[in-house]
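Structure record follows, encoded as structure tokens.
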Amino acid sequence: MKLLKYGKIILKILFVIFIIMNSIAFFHAYKFTHYNNSKKEKTKSPEKLSSLDKAKIVFFGVNNPKPKNIKFPSQKYQTLKLKSNKEIECWLIKTPNSKGTVLLFHGYGGEKSMMIEKSDAFIKLGYSTMLVDFMGSGNSEGNQTTIGYKEAEEVKTAFDFIKKTGEKNIYLFGTSMGAVAIMKCIDDDNIKPKAIILECPFGSMYQTVLARFERVNAPTFLMPRLLLFWGGIQNGFLGFSHNPTEYAKSITCPTLLLYGEKDKSVSRKEIDEIYTNLKGPKKLHIYKETGHENYLIKNKIEWNKDISYFLLNLE
């Protein structure tokens, strides 16, 4: 009788723990995939947080204010509102005697003004550019982000808009989440860009969630899986199926893949697997002493050479 009694107590304790873990995961998933209107500073990267701040994240989640356009192009530009799964805002910069148009897609927690410096580099090379705010970011509709899953439809919308203008040479550039959205769009919709440039795409949604837990020294046994499960439920997709490593198998156009060797959000193994699965002409370049960051900060000259050489070989 005592064994039965103790067994019931243990089961009750385990059930309570299970409910608590799922509640925390549900809460974290929502904060991770939904921006807020808070005026408080966005939570810093784990490397810049104290142990106390990391503990607070575990219990209270990140502060995730909606990204705002913080600057504007120096060139003359046209503001476009395109209807996709959400209304998205874009800046179109036309270059005289353009060699083609480069569509630029930002990363998680970013917005299109963060792509201005890279847009400038493409413009100097003779290309027109279009900078895109994904849903929830900048001046685009909503407060939701799905880390590249539903954003893939917005890549298709932007691509189709430029294609309808008669442009034959369409290039896609994406960093992190933006790179993933490009890959998923090609896999889903079989669009045919002339070439793509991908910066630090993650290998799978599970791996990127796992990396975030590891960076704050949080337990990784079960919580990353629960967060991914509830994040998918909240946002209408199966998070475990969001797998850029598999998307890469559908990519046959020329691809330049860029990666920082000190990246703690995306592993070299993920990059190598993506590179192996790419089916078309491809080039991988690794930047030393560089993490999951804007590559122009530490590698501006090298980055410009890589981009220039890649595009020159396509002409």
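The values are calculated or read from the model by the stated rules, or taken from the named source; none is laboratory data. Fair warning: this is a prediction, and the values are worked out from it, not measured in the lab. No Cβ is skipped: glycine too gets one built from the backbone with ideal geometry, and neighbour counts run over all protein chains shown.
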Residues that are touching a helix residue (DSSP H, G or I) at 6+ places or on another chain (Cβ under 7 Å), aliphatic (A, V, I, L, M) and crowded, with 21+ Cβ neighbours inside 10 Å, drawn from the range 183-196 = 183, 186, 196
Among the listed residues 76, 99, 94, which satisfies the condition of being surrounded by fewer than 15 Cβ atoms within 10 Å (Cβ to Cβ), more than 16 Å from the chain's Cα centre (by Cα) and not polar (S, T, N, Q)?
-> 76
Checking residue 304 against (1) free of Cβ contacts under 8 Å to residues at least 60 places away in the same chain; (2) within 18 Å of residue 172 (Cα to Cα); (3) not β-branched (Val, Ile, Thr), the condition it does not meet | (1)
Is there a residue being among the acidic types (Asp, Glu), at pLDDT 95 or above and in contact with a strand residue (DSSP E or B) (Cβ under 9 Å, 6 or more places away or on another chain) anywhere in the range 230-249?
-> no
Filtering the range 148-182 down to residues that are of a type in the set (S, T, N, Q) and buried (at least 24 other Cβ atoms within 10 Å of the Cβ), which residue is farthest from the chain's Cα centre (by Cα)?
-> 175
Taking the options 141, 89, name whichever one is more than 18 Å from residue 179 (Cα to Cα), surrounded by fewer than 18 Cβ atoms within 10 Å (Cβ to Cβ) and touching an Asp or Glu at 6+ places or on another chain (Cβ under 9 Å).
-> 141
Give the residue that is nearest to residue 291 (Cα to Cα), with candidates limited to residues of the range 188-209 that are part of a helix (DSSP H, G or I) and under 14 Å from the mean Cα position of the chain (by Cα).
-> 208
Quick one: count up the residues across the range 130-156 that are touching a residue at least 40 places away in the same chain (Cβ under 8 Å) and either aliphatic (A, V, I, L, M) or over 12 Å from residue 106 (Cβ atoms) (or both).
-> 16
Any chance residue 128 is under 20 Å from residue 200 (Cβ atoms) and either in contact with a Gly (Cβ under 9 Å, 6 or more places away or on another chain) or small (Gly, Ala, Ser) (or both) | no
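If you scan the range 95-137, which residues turn out to be of a type in the set (Gly, Ala, Ser) and on the phi > 0 side of the Ramachandran plot?
Once the filter is applied, which keeps residues that are of a type in the set (Gly, Ala, Ser) and on the phi > 0 side of the Ramachandran plot, the range 95-137 yields 100, 109, 126, 136.
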